[in-house]
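Since the structure comes first, as structure tokens, the remarks are kept for the end.
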Amino acid sequence: MPASADQAWELLRDVEAVAGCMPGARITERVDDRHYKGTVGVRFGPANMSFRGEIEVAALEPQRRTLRLVGRGTDSAGGSGASLDLTARVDAVTATSCNLSGNSEVSLSGKAAAFGGRMAEAVAEQVLKQFAGNFAAQLQAREAAGAAGAAGTSGTATASAPAPDSAADAAVAVPRGKSSEQRQLNGLTMLWGVLIGWLRSLFRLRGA
């Protein structure tokens with residue numbers, strides 16, 4: 001990640017911001033510091049599936065920069081269920097870079113298991129790639145906003161304040177400002193990414 005370990009940890013412990021990095025996910029209510037309610041939207045072509053559930057911060061270890069989230073939910077029609085147990089950790093690499101790593105256990109039931117269970121691992125890989133890209137973008141946006149704020153406070157009294165639609169402000173607002181259509185997890189897009197990855201690996205094997 002293009003930031004220090006402390007900066008990445010500050011973002012990782014912000015559950016609402018992290019949800020904004022996950023395709024299709026949205027926090028709808030903050031119950032307390034450790035409990036949240038939210039939704040995840042999935043679209044497979046013309047079919048839509050919306051999960052509503054709860055997220056609990058099961059463990060928060062600042063010294064190890066480790067976070068554990070446990071979530072469970074059901075779709076609006078009541079025909080599918082899902083649960084998640086996720087542990088994520090930030091490790092320093094240099095003063096300005098770090099690694100974000102983790103592992104998760106996901107359980108599906110009902111229609112979701114019948115429809116997507118066979119490709120769950122491959123699809124999850126695509127989701128994690130999107131999440132990592134959004135997380136890195138959030139880190140860069142926060143750094144840009146911080147630099148812009150520092151420049152503003154060190155300027156002269158006559159310096160004008162940054163416009164509300166500045167590049168830094170826009171970058172910070174992107175993950176939470178997307179429409180529900182943009183935020184929704186597009187199953188066909190992910191499956192296309194899975195297919196492309198499979199074809200590339202196939203050609204590499206043949207070339208070898």
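Just so you know, all these numbers are worked out from the coordinates, no wet-lab data involved. Predicted, not measured: the structure shown is a model, and the values here were computed from it. Methodologically, a virtual Cβ is constructed for each residue, glycine included, from the backbone with ideal geometry; neighbour enumeration extends over all protein chains shown.
Take the alpha carbon gyration tensor of the stretch 1-80, find the square roots of its eigenvalues, order them as a ≥ b ≥ c, and report rounded if a/c is under 1.5; if not, report prolate when a/b exceeds b/c, else oblate. It comes out prolate by the Cα gyration axes. Applied to the stretch 11-26, the Karplus parametrisation 6.51 cos²θ - 1.76 cosθ + 1.60 on θ = phi - 60° returns per-residue 3J(HN,Hα) values of 6, 4, 7, 8, 4, 5, 5, 5, 4, x, 8, 8, x, x, 9, 8 Hz, with x for Gly and Pro.
Computed packing ranks the peptides 75-82, 92-99, 13-20 as 13-20, 75-82, 92-99, most packed first, by mean other Cβ atoms within 10 Å. As a proxy for reagent exposure, Phe131, Phe51 were ordered by neighbouring Cβ count within 10 angstrom, fewest first; the result is Phe131, Phe51. With each label modelled as a point 7 angstrom along the Cα→C-beta vector, the Ala150-Glu29 pair spans 4.1 nm.
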